[in-house]
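Asks: Mind having a look at this structure? Questions to follow.
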Amino acid sequence: MKKRVLVVEDEEKLRRVVELQLVSAGFEVDKAATAEEGVKVVDRADLVLTDLRLPNMDGLGLLALIRRQNAQVPVVVMTAYGSIETAVECMKAGATDFLLKPFSLDHLMQVVHKALEVRALRDENRQLKEELGRRYEYDNIIGRSEPMQEIFATIERVAPTRATVLLAGESGVGKDLIARAIHFHSPRRDRPLVKINCTAIPENLMESELFGYEKGAFTGAVTSKPGKFEQADTGTVFLDEIGDVPGPIQVKLLRILQEREFERLGSNVTRHTDVRIIAATNQDLRAALEQGTFREDLYYRLNVVPLNIPPLRERKQDIPFLANHFIRKLAADSGSAVESITDAAMERLMAYHWPGNVRELENVIERSLVLCRGTQLDAGDVRLESAPRPRSQNGQHFLPEGLTLDQYEQELIREALRRADGNKSHAARLLGLTRNALRYRLTQMGLEA
Ligand SMILES: Nc1ncnc2c1ncn2[C@@H]1O[C@H](COP(=O)(O)OP(=O)(O)OP(=O)(O)O)[C@@H](O)[C@H]1O
Ligand SMILES: [Mg+2]
């Protein structure tokens, strides 16, 4: 079935050109010269392409009207070059994308197809979730919780496309793992996956690392060298810690995303690259947007398919599955005989707040395997990290999040023992306890024979 695009544009010539282009690309087109006309037929549109400056109506007003009639329809706004701020305002208010006038017909079609693709992704997500419903593992990514199920469905859905994905989540939640899964389920799986850690590259080297350089571009550039984006051509670029990219590089990334073009340092030859971009961040990029350290236009270009991965403490039902997965995966390598885990040990894992997320759980299991002598991991074998989380700023919790007083006490005792290298008198002193008082507590914790 043909898709129907509504074009709202008061300038007749442009309206006509856009219409012809869309019709020749196989779309049905409704056209309108004013917002009032457009709104009448918006309910049957699969996509709305609209000018921002229309007689009697501004872009935001129009957007609100469209949403009232057809809440789900993707809306692409067309705007004059000077009014990029308005476009960004509209993106915030829920527009799908924007086109800066004058635009080429190629670019128009790219944006139209992308907007429809994103829409289709959202629609199909629910269906896929149901199909994947009984699946608790996706390519070695373990997750039974509702948000992880949703993430599997999204991976499955976006992997075959070229859509840009923005992964957000605390350190250790599995962003790298998910980025790889997306690449290896994509048609680009046999092409390079090039990871760029934006924090690890010093700012002054970043441009040449990313985009390459020509011989003589700077002192020491004795040969020419391609950058990461050239290496990744026809493959995937994984931009890790995207929030740390300095402003001037942000502009160049934006150009890669929009135009797929760049120049090597010291060259004025424009090069093209065909890369799929996956970006990751463990900071709240919206805060960076507010502070003005991250460009809004780049943010919206990256955030085509957002994937937010919740911290482990917010999906504790995943813990047993992850723990068993890591036992299976790590026991063989570490020469451990452990095959399973006791209920008591699992309870301890469930009660802990996991500030380091899945990475920390993996480390804890690995360490515990080394210490455990039997075939079952027991509560006493489990060695948790004890660094307490910083107090929350609003002072609502004064215990580390997710911990009871007893659990917190136990963490402090373990930390004291660690600092005292297992010497109980020394540990007792660190805690301001007598040796007997400490022994009593250790017995309660099941740590003292
Ligand atoms: N759902 C999961 N199932 C199995 N293993 C996982 C899962 N999530 C994370 N891991 C494992 O935890 C470790 C940390 O994951 P990963 O490196 O992907 O985290 P990250 O979000 O990229 O962290 P950072 O922000 O520090 O880079 C890896 O060894 C990974 O294999
Ligand atoms: Mg990572």
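The values are calculated or read from the model by the stated rules, or taken from the named source; none is laboratory data. Here the structure is a predicted model, which is why all the values come from computation and not from measurement. We place every Cβ from the backbone using ideal geometry, glycine too, and count neighbours over all the protein chains shown.
Asks: For the range 243-263, name all the residues that are of a type in the set (Asp, Glu), surrounded by fewer than 13 Cβ atoms within 10 Å (Cβ to Cβ) and touching a helix residue (DSSP H, G or I) at 6+ places or on another chain (Cβ under 8 Å).
Replies: The first filter runs over the range 243-263 and keeps only residues of a type in the set (Asp, Glu), leaving 244, 259, 261, 263.
Still in the list and also surrounded by fewer than 13 Cβ atoms within 10 Å (Cβ to Cβ): 259, 261.
Residue satisfying the conditions is Glu261 alone.
Asks: Continuing with the same structure: Please give the number of the condition Asp240 fails out of (1) out of contact with any Cys (no Cβ under 8 Å at 6 or more places or on another chain); (2) crowded, with 20+ Cβ neighbours inside 10 Å; (3) charged (D, E, K, R).
Replies: It is condition (1) that Asp240 fails.
Asks: For the range 228-257, how many residues meet the condition of being away from ligand 1 (no atom under 16 Å from the Cβ) and either β-branched (Val, Ile, Thr) or closer than 26 Å to His185 by Cβ (or both)?
Replies: Looking only at the range 228-257, we keep the residues that are away from ligand 1 (no atom under 16 Å from the Cβ), and these are 228-235, 246-257.
Retained after the next criterion (residues that are either β-branched (Val, Ile, Thr) or closer than 26 Å to His185 by Cβ (or both)): 228-235, 249, 251, 253, 256-257.
Of the residues in the range 228-257, 13 are away from ligand 1 (no atom under 16 Å from the Cβ) and either β-branched (Val, Ile, Thr) or closer than 26 Å to His185 by Cβ (or both).
Asks: Would you check which residues across the range 274-308 are within 15 Å of ligand 1 (Cβ to nearest atom) and more than 25 Å from Ala115 (Cβ to Cβ) and list them?
Replies: Asn282, Gln283, Asp284
Here is a yes/no grid of residues against (1) free of Cβ contacts under 8 Å to residues at least 24 places away in the same chain; (2) surrounded by 18 or more Cβ atoms within 10 Å (Cβ to Cβ); (3) not aliphatic (A, V, I, L, M):
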| position | (1), (2), (3) |
| --- | --- |
| Gln21 | no, no, yes |
| Lys31 | no, yes, yes |
| Ala35 | no, yes, no |
| Lys40 | yes, no, yes |
| Arg53 | no, no, yes |
| Gly61 | no, no, yes |
| Val75 | no, yes, no |
| Ala93 | no, no, no |
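Asks: State which residue pairs qualify: first residue within 9 Å of Gly212 (Cβ to Cβ) and inside the range 226-246, second residue away from ligand 1 (no atom under 16 Å from the Cβ) and hydroxyl-bearing (Ser, Thr, Tyr) in any location, beta carbons under 7 Å apart, and separation of 6 or more residues or different chains.
Replies: Gly227/Ser208; Phe229/Thr273; Glu230/Thr273
Asks: Do we find a residue being more than 16 Å from ligand 2 (Cβ to nearest atom) and either touching a residue at least 60 places away in the same chain (Cβ under 8 Å) or within 30 Å of Ile256 (Cβ to Cβ) (or both) anywhere in the range 322-332?
Replies: Taking the range 322-332 and keeping what is more than 16 Å from ligand 2 (Cβ to nearest atom), we get 322-332.
Subset that is either touching a residue at least 60 places away in the same chain (Cβ under 8 Å) or within 30 Å of Ile256 (Cβ to Cβ) (or both): 322, 325.
Within the range 322-332 (the criterion being more than 16 Å from ligand 2 (Cβ to nearest atom) and either touching a residue at least 60 places away in the same chain (Cβ under 8 Å) or within 30 Å of Ile256 (Cβ to Cβ) (or both)), the answer is yes, since at least one residue qualifies.
Asks: Just to check your reading of the model, which residue among Gly61, Gly26, Gly38 is assigned to a helix (DSSP H, G or I), among the small types (Gly, Ala, Ser) and over 33 Å from the mean Cα position of the chain (by Cα)?
Replies: Values: Gly61 fails: over 33 Å from the mean Cα position of the chain (by Cα); Gly26 fails: assigned to a helix (DSSP H, G or I).
It is Gly38.
Asks: Please enumerate the residues belonging to the range 384-409 that are part of a loop (DSSP other than H, G, I, E, B) and modelled with pLDDT of 85 or more. It would help to see each step written out before you state the result.
Replies: Here is the first cut: in the range 384-409, the residues part of a loop (DSSP other than H, G, I, E, B) are 384-404.
Answer for the range 384-409, where residues must be part of a loop (DSSP other than H, G, I, E, B) and modelled with pLDDT of 85 or more: just Leu384.
Asks: Something else now. If Arg180 passes every condition in (1) of a type in the set (D, E, K, R); (2) more than 16 Å from ligand 1 (Cβ to nearest atom); (3) under 18 Å from the mean Cα position of the chain (by Cα) but one, which one does it miss?
Replies: (2)
Asks: Taking the range 282-309 on its own, how many of its residues are surrounded by 15 or more Cβ atoms within 10 Å (Cβ to Cβ), part of a helix (DSSP H, G or I) and among the hydrophobic types (A, V, I, L, M, F, W, C)?
Replies: Summing the residues that are surrounded by 15 or more Cβ atoms within 10 Å (Cβ to Cβ), part of a helix (DSSP H, G or I) and among the hydrophobic types (A, V, I, L, M, F, W, C) in the range 282-309 gives 5.
Asks: Within the range 51-68, is there a residue that is in contact with a Leu (Cβ under 7 Å, 6 or more places away or on another chain), among the β-branched types (Val, Ile, Thr) and not assigned by TED's automatic domain parsing to the domain that holds Arg301?
Replies: no
Asks: Separate question: Which one of these does Thr223 not meet: (1) more than 16 Å from ligand 2 (Cβ to nearest atom); (2) modelled with pLDDT of 95 or more; (3) among the polar types (S, T, N, Q)?
Replies: Every listed condition holds for Thr223 apart from (2).
Asks: Starting from the range 168-197, keep only residues that are assigned by TED's automatic domain parsing to the domain that holds Arg276, then list their pairs with residues that are part of a loop (DSSP other than H, G, I, E, B) and acidic (Asp, Glu) whose Cβ atoms are within a distance under 7 Å, requiring at least 6 positions of separation or different chains.
Replies: Going by the 7 Å Cβ cut-off, the qualifying pairs are Ala181/Asp139; Asn197/Glu241.
Asks: While we're on this one: If Ile201 satisfies every condition in (1) at pLDDT 95 or above; (2) within 16 Å of ligand 2 (Cβ to nearest atom) but one, which is the exception?
Replies: Of the numbered conditions (1) at pLDDT 95 or above; (2) within 16 Å of ligand 2 (Cβ to nearest atom), the odd one out for Ile201 is (1).
Asks: Just checking, which of Leu285, Leu312, Leu307, Leu289 is at pLDDT below 95, within 16 Å of ligand 2 (Cβ to nearest atom) and either hydrophobic (A, V, I, L, M, F, W, C) or within 19 Å of Cys90 (Cα to Cα) (or both)? Before the answer, list the steps.
Replies: Values: Leu312 fails: at pLDDT below 95; Leu307 fails: at pLDDT below 95; Leu289 fails: within 16 Å of ligand 2 (Cβ to nearest atom).
Exactly one residue qualifies, and that residue is Leu285.
Asks: Select, from Arg189, Arg271, Arg276, the only residue that is more than 16 Å from ligand 2 (Cβ to nearest atom) and either over 23 Å from Val111 (Cα atoms) or of a type outside the set (D, E, K, R) (or both).
Replies: Details: Arg271 fails: either over 23 Å from Val111 (Cα atoms) or of a type outside the set (D, E, K, R) (or both); Arg276 fails: either over 23 Å from Val111 (Cα atoms) or of a type outside the set (D, E, K, R) (or both).
Criteria check complete, one pass: Arg189.
Asks: Quick check on my filter: what residues within the range 222-263 are part of a loop (DSSP other than H, G, I, E, B), of a type in the set (A, V, I, L, M, F, W, C) and within 26 Å of Val111 (Cβ to Cβ)?
Replies: Filtering the range 222-263 for residues part of a loop (DSSP other than H, G, I, E, B) gives 222-224, 226-227, 232-235, 241, 245-246, 260.
Cutting the leftovers down to of a type in the set (A, V, I, L, M, F, W, C) gives us 222, 232, 245.
Hits for the range 222-263 are Ala232, Val245.
Asks: Name the residue that is surrounded by the fewest Cβ atoms within 10 Å (Cβ to Cβ), counting only residues in the range 264-281 that are part of a strand (DSSP E or B) and in contact with a helix residue (DSSP H, G or I) (Cβ under 6 Å, 6 or more places away or on another chain).
Replies: Quick first cut of the range 264-281, residues part of a strand (DSSP E or B) only: 265, 270-272, 276-281.
Checking which are in contact with a helix residue (DSSP H, G or I) (Cβ under 6 Å, 6 or more places away or on another chain) leaves us with 265, 278-281.
Details: Leu265: 19, Ile278: 29, Ala279: 29, Ala280: 24, Thr281: 22.
Per the criteria, the residue is Leu265.
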